[in-house]
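Structure record follows, encoded as structure tokens.
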Amino acid sequence: AGFLRFLHLLSTYDFAREPLVVDPHGHIDASERSRIQTQFESTRGQDFDKGPAMYLISPNDRDNHDGDINDDNGEVTVGMNTGGLIAGRGRPSQMASVWAPTYTQIHPERVILSRAAALARQSY
């Protein structure tokens, strides 16, 4: 039954126009889903022909960026993950989440995805 559901998803999902967010435990909230959609649209472009063929996002695909942070000694630390706090100051940093597919960044190629979807349509 699970394999048939996968074939149905593969044959009917519009990978060109929608990111596929796989979040079985509900770790991605509505604001993060909106951010994923925005990043997807900017990656795909106006004609939805750019970026990876399959834009698959899971909770593991979040990349937090803090930017440059000055510590108490005046030194600059680049890209240090401080858990959302500026080191030694106890206030929120300007952390931004960047969502990008990791596994599906280069695979599958567009032609492979279209062939797999066509085969799934025939077999489902």
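All of the numbers you see were taken from the coordinates with simple rules; none came from a lab. In this text the structure is predicted, and so the values were computed from the model without any measurement. Methodologically, a virtual Cβ is constructed for each residue, glycine included, from the backbone with ideal geometry; neighbour enumeration extends over all protein chains shown.
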query = Roughly what would the spin-label model give for Ser31 and Ala16, points 7 Å off Cα along C-beta, in nm?
reply = 3.5 nm
task = Please list, in chain and number order, the residues 5+ apart from Val21 or on another chain whose amide H is under 5 Å from its amide H, with Hs placed from the backbone.
result = Ile57
key: Under the Karplus curve 6.51 cos²θ - 1.76 cosθ + 1.60, θ = phi - 60°, whole-Hz ³J(HN,Hα) for segment 31-42, x wherever Gly or Pro sits   = 5, 5, 5, 5, 5, 4, 4, 4, 5, 4, 5, 6
remark   = Ordering 27-34, 98-105, 52-59 by per-residue average of other C-beta atoms within 10 angstrom, highest first, gives 52-59, 98-105, 27-34
